[in-house]
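Take a look at the structure below.
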Amino acid sequence: MIPDVVEAELRTGAVQNDHLRAVLDADWIEVIPLDTPEHLSAFAYYEQRLVGADGRNVGECGVLALAETMAHAVAVVDDRVAGNAARGRNVEVRRTLGLLCDAIREGLLTVPLVSALADDLMRDSYRLPFGPGGFARWADENGLT
Amino acid sequence: MAAAVGMARSSLAKIETGARGVTALELVAIARELRRRVEWFVEPGPPSIVSYRASRSGVATQVIDDELDRLARDVEFVVAEVPELVDGQPGQQPLPTSMAAADVLAAKARSLLKLSAREPVLELSRLVTSIGLLPFALPLGEGADAGTVLLRVGGVSVVNGDLRVGRRRLALAHELGHYLIADPYTTDWRVASTEADALEARLDRFARALLLPEADLRERWAQWSAGGDEALRDVAVRAGSHYQVDMATLARRLGELELVDGRQVNEIRGVRTKKADIVEKNLVVPRELEPISLPRTYEQAVLRLYRGETVTADRALGLLLGTFDEESLPDRPEAPESEIWAVTS
């Protein structure tokens, strides 16, 4: 599931990055509008911590607001501040890399592929607790292969 | 508005009347168009602002009201995360019912600010933060001189940074008066010119008494004048610089203490400090409350929230009112290696 604000970010992004259309077209992704008072109140809580004048990070706010107002939902966000903001709130947070590790364990993805992806994430200024190539090494040492 | 946010006019009208709800997506667009934060639509904000708004329903808000609303929310958020930012608030002082009572309030303020009876009030904007009042200077052009709103603990003042420095300090001193008598919400349009309003006139007196303490001014004025080789204007320039007040305020104060006569009051009021005065008399030019200025303690608290990853860089820059750019923020530490388990699980 993605909240309406993430869908809007994807639509804006798809103008320049055509591959994002794959997400918009995926029939297994459901778009949920954030329209209850609980949604909006939670959204405002995260906005206070994540959103500045340029309006970036609205998507993270939407994901966290949606997840905390649904039973058994897990929010997938990579921003560390977003993760910190969710602490003490009734919401479980996971990072993309966690999902990718699940996929490795289930044999859907390979370690080299995920390691390359992790390196890509780092290039986009995601701060990860290891350097380039570090994921593969860690996966090796911890028997993920 | 509907066109700007890409909605049908009828939908927007229904949202306004409450006939239909609003989604976060729509609210983000509306907020952006009105240059508000989503929070502004969803959270009521500090109680003092809520009751002020309720008492003035139907009256157009002014720029200063918007700035106070925004800053009060920002400061309350930061204080909730960094409580030491506002250490406490002095107990409510009685409303001054006479000019003499205004002088008593000024003496009380001096003791709260830990100033001796004779010290000039240098860096008033820094001193007031020690008693929980956070002053911001913003360019408000022809708008109000200043305004103050009480928070749950402490308060926020906005001073019009487009005033000259002496007037900015006078305006803040006046706001301190409102803060000490625990006025929940106040905006002041022309400080020191509201004779009609007795309380405002007494708070003007309070401000003058705070910045120009009587005993000290009497003594120094006598000393400065005694030399005899300086004209009245030179003595006034010296006094204005010593206490960092504008000439109108100095003239008024000297007049009310009967240190000068009516003709001299007018003469002093017309004095302009020249560059030659600054050089010849070796004066320091104060820069207090130049717009945009924020309380140092507030800036420190925001940077702490940024370092501690409680707020994003974007949000930190917003809380700092655009006085920083991303480059000027501190470097955040590398993610610790132990965190790999949190990232991958």
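The values are calculated or read from the model by the stated rules, or taken from the named source; none is laboratory data. No experiment lies behind these values; they were computed from the predicted model shown. Cβ sites come from the backbone with ideal geometry, for glycine too, and all protein chains shown count toward neighbours. These area figures cover heavy atoms from the full protein model, side chains too; ligands, DNA and RNA do not enter into them. Shrake-Rupley method; radii C 1.70, N 1.55, O 1.52, S 1.80 Å.
Annotations
- Sparse-neighbour loop sites [GluC sites (Glu not before Pro); the stretch B:186-276; at most 12 other C-beta within 10 Å; DSSP]: B:Glu195, B:Glu258
- Crossing angle, helix A:96-105 versus chain A [Cα axis fit, 0-90 degrees, rounded to tens]: 50 degrees
- Angle of helix B:63-81 to the longest C-alpha principal axis of chain B, folded into 0 to 90 degrees and rounded to 10: 70°.
- Mean separation of Cα contacts under 8 Å, 6 or more apart, over the residue count of the stretch A:2-94: relative contact order %: 26 percent
- Order of exposure, largest accessible area first, which applies to B:Met99, A:Met1 with probe 1.4 Å: A:Met1, B:Met99
- Take the Cβ atoms of A:Ser41 and A:Val76, set R0 to 25 Å, and the FRET efficiency comes out at 0.70.
- Distance between the modelled labels on B:Val284 and A:His19, one decimal in nanometres: 6.0 nm (7 Å Cα→Cβ projection).
- Magnitude of the charge dipole for chain B, about its Cα centre and with charges confined to Cβ atoms of Lys, Arg (+1) and Asp, Glu (-1), is about 720 debye.
- All C-alpha to C-alpha distances of chain B, sorted into 10 Å bins beginning at zero, yield P(r) values of 5, 22, 28, 21, 14, 7, 3, 1, 0 percent in whole numbers.
- Dipole magnitude for the stretch B:145-304: computed about the Cα centre from +1 point charges on Lys and Arg Cβ and -1 point charges on Asp and Glu Cβ, it is near 400 debye.
- A Förster distance of 22 Å, applied to the separation of the beta-carbon atoms of B:Glu327 and A:Asn84, puts the FRET efficiency at 0.45.
- Its relative contact order, with pairs defined as Cα atoms under 8 Å and 6+ residues apart, puts chain B at 16 percent.
- Cα centroid of the stretch B:8-39 to Cα centroid of the stretch A:102-118, whole Å: 42 Å
- Taking Cβ atoms as reference points and 15 Å as the exclusive limit, the residues near B:Ser55 contribute a net charge of -1, counting Lys and Arg as +1 and Asp and Glu as -1.
- Shape call, the protein assembly as shown: gyration tensor on alpha carbons, a/c limit 1.5: prolate
- In plain terms, the chain from B:Leu95 to B:Leu257 could stretch by 56.1 nm, reckoned as 0.36 nm per residue minus the Cα-Cα distance.
- Taking B:Glu119, B:Glu339 and ordering them by how much accessible surface each has at a 1.4 Å probe, largest first, produces B:Glu119, B:Glu339.
- Spatial extent of the stretch B:255-326: Rg and Dmax, with the Cα atoms as the point set, Å: 21.6, 61
- Modelled FRET efficiency - R0 35 Å, A:Asn142 with A:Ala53, Cβ distances, 0.05 increments: 0.25
- Filtered GluC sites (Glu not before Pro), the stretch A:64-145: DSSP coil and at most 13 other beta carbons within 10 Å: A:Glu106
- Three-way shape call for the stretch B:214-273 based on the alpha-carbon gyration tensor, with the a/c threshold at 1.5: rounded
- Shape class of the stretch B:1-42 from the Cα gyration tensor (axes a ≥ b ≥ c, square roots of the eigenvalues): oblate, since a/c reaches 1.5 or more and a/b does not exceed b/c.
- All Cα-Cα distances of chain A, cut into 5 Å bins from zero to the largest, leave 2, 9, 16, 19, 19, 17, 12, 5, 1, 0 percent in each bin in turn.
- Accessible-area order (highest first, 1.4 angstrom probe) of the listed residues B:Lys274, B:Lys281: B:Lys274, B:Lys281
- Compared with the direct C-alpha span, the chain from B:Asp87 to B:Lys275 gains 63.6 nm at full extension, assuming 0.36 nm per residue.
- Only helices enter this figure: runs of n ≥ 4 DSSP H residues, each worth -39500 (n - 2.57), summed and divided by the residues of chain B, yield -15000 deg cm²/dmol at 222 nm to the nearest 500.
- Cβ-based net charge around B:Arg168, under 13 Å, with every Lys or Arg adding one and every Asp or Glu removing one: -4
- Amide hydrogen proximity for A:Ile32: with H placed 1.01 Å from N in the peptide plane, the residues at 5 or more positions away or on another chain lying under 5 Å are A:Ile2, A:Asp4.
- Around B:Asp331: net Lys/Arg minus Asp/Glu count, Cβ-Cβ under 15 Å: 0
- Inter-chain Cβ neighbour average for residues A:38-47, partner chain, 10 Å: 5
- Helix A:37-50 vs. chain A, principal-axis angle (Cα, 0 to 90°, nearest 10): 60 degrees
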